[in-house]
1. Considering only region 96-105, how many residues are more than 11 Å from Lys170 (Cα to Cα) and open to solvent by less than 10 Å² (accessible area, probe 1.4 Å)?
2. Return the residues of region 12-57 that are modelled with pLDDT under 80 and either part of a strand (DSSP E or B) or open to solvent by 80 Å² or more (accessible area, probe 1.4 Å) (or both); say none if nothing qualifies.
3. Take Gly247 and tell me if it is in contact (Cβ under 8 Å) with a residue 24 or more places away in the chain, assigned to a loop (DSSP other than H, G, I, E, B) and open to solvent by 30 Å² or more (accessible area, probe 1.4 Å).
4. Just to be sure I understand, how many residues within region 115-129 are surrounded by 14 or more Cβ atoms within 10 Å (Cβ to Cβ) and either out of contact with any helix residue (DSSP H, G or I) (no Cβ under 9 Å at 6 or more places or on another chain) or closer than 14 Å to Phe330 by Cα (or both)?
5. Residues Cys114, Cys122: which one is at pLDDT 95 or above and outside any loop (DSSP other than H, G, I, E, B)?
6. Can you name the number of the only condition in (1) farther than 26 Å from Gly119 by Cα; (2) of a type in the set (A, V, I, L, M, F, W, C); (3) open to solvent by 20 Å² or more (accessible area, probe 1.4 Å) that Val214 fails?
7. For region 282-295, which positions are under 18 Å from Phe320 (Cα atoms), open to solvent by 10 Å² or more (accessible area, probe 1.4 Å) and touching a residue at least 60 places away in the same chain (Cβ under 8 Å)?
8. Identify, from the list Ser112, Ser93, the residue that is over 25 Å from Glu35 (Cα atoms) and surrounded by 13 or more Cβ atoms within 10 Å (Cβ to Cβ).
Amino acid sequence: DLQMQLPVPFSLLCLQVIKCKAAVMWEANKPFSIEEVEVAPPKAHEVRIKMVATGICRSDDHVITGALVMPFPIILGHEAAGVVESVGEGVTSVKPGDKVIPLFVPQCGECSSCLSTKGNLCHKNDIGSGAGLMPDGTTRFTCKGKAIHHFLGTSTFTEYTVVHESAVAKIDSAAPLEKVCLIGCGFSTGYGAAVQTAKVEPGSTCAIFGMGGVGLSVVMGCKAAGASRIIAIDINSDKFAKAKELGATDCVNPKDFKKPIHEVVIEMTGRGVDYSFEVIGRTDTMTAALACCQYNYGVSVIVGVPPAAQKITFDPMLLFSGRTWKGSVFGGWKSKDSVPKLVADYMKKKFVLDPLITHTLPFMKINEGFDLLRTGK
């Protein structure tokens, strides 16, 4: 009865600007500033989400240091889970109240990558262009009268965010958001690099450079794929106990050797590994990972975000002999299709996420969280 008397659809009445707290990065190499921001209502084919949990990923820190170039001021964060607060006109895949995970790699379903069985990096992504805006070229955030940029179409370091419908996946309503938020980036990126991009086979040997959350997820993927030997490599030996717990068979600290790490791995395996993964984002470790895989049929996967303005120089004989060098964004998963399935697999206990969570902090302590990231804790 109420609806009939209203001149506008009842559902549109709630579409107001929301004032809430967000962690704004005003300029590079400075701490986050907790500010009150205005979050505009979702436009057509957009979704406004109340954030419940967000992870801290090294890629967020890369923006702060300038290794990943994005415009400031910006609201970072891209690994999260929340609940739909409202939807814009024409949205059909989610509704208010749905539990969702924002997708920093969208899935429009129409571009050549989305239509190909081989690809997952939708043309509507903002990783390469770094525009820091919604697909229509505008922003939904303002603070102190200034427009604030989005990050990878997700911006999860805020109590409310707006994403395009192609960049959000509805998940199981029973899923614990403080755990499955990791499926928004870290876990899926690492696990998928092993099972999707590299397609690790039973009995194969693997080497993983970097034992952060993503590297540990690669270890889980290699183990799930049945690898016989999983060599975990990190310059921080504190990372090794967890690597072993998740399936690493060997742990190697390059600081313990006088010779280059690729030579160490080749000696350990006799011929180099079948699969290697660089999960740090450094050019020197990328070439070491390539060199340590088997010279004729080894596959090396770049998982870490490469630093801006750095080039790699390497001996082309490394590739001429037959090696494959490839990259993997978001683990090769088609995001909108795969995220709900990965959440379902987590609910069926096909993999664990708890070991990837070292600390749980209130949002206001985001700067402490980044300190923990930078000190390797």
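1. 1
2. Leu12 - this is the single residue of region 12-57 that is modelled with pLDDT under 80 and either part of a strand (DSSP E or B) or open to solvent by 80 Å² or more (accessible area, probe 1.4 Å) (or both).
3. Details: in contact (Cβ under 8 Å) with a residue 24 or more places away in the chain: yes; assigned to a loop (DSSP other than H, G, I, E, B): yes; open to solvent by 30 Å² or more (accessible area, probe 1.4 Å): no.
In short, no.
4. 7
5. Numbers: Cys122 fails: outside any loop (DSSP other than H, G, I, E, B).
Just a single option satisfies the conditions, and that option is Cys114.
6. Val214 satisfies all of (1) farther than 26 Å from Gly119 by Cα; (2) of a type in the set (A, V, I, L, M, F, W, C); (3) open to solvent by 20 Å² or more (accessible area, probe 1.4 Å) except (1).
7. Ala288
8. Result of the check over Ser112, Ser93: Ser93.
The values are calculated or read from the model by the stated rules, or taken from the named source; none is laboratory data. This structure is a prediction, so every number in the text was calculated from the model and none was measured. Please note: Cβ atoms are built from the backbone with ideal geometry, for glycine as well, and neighbour counts cover all protein chains shown. For the accessible areas, the whole protein counts, side chains as well, though only heavy atoms, and no ligand, DNA or RNA atoms are used. Shrake-Rupley method; radii C 1.70, N 1.55, O 1.52, S 1.80 Å.
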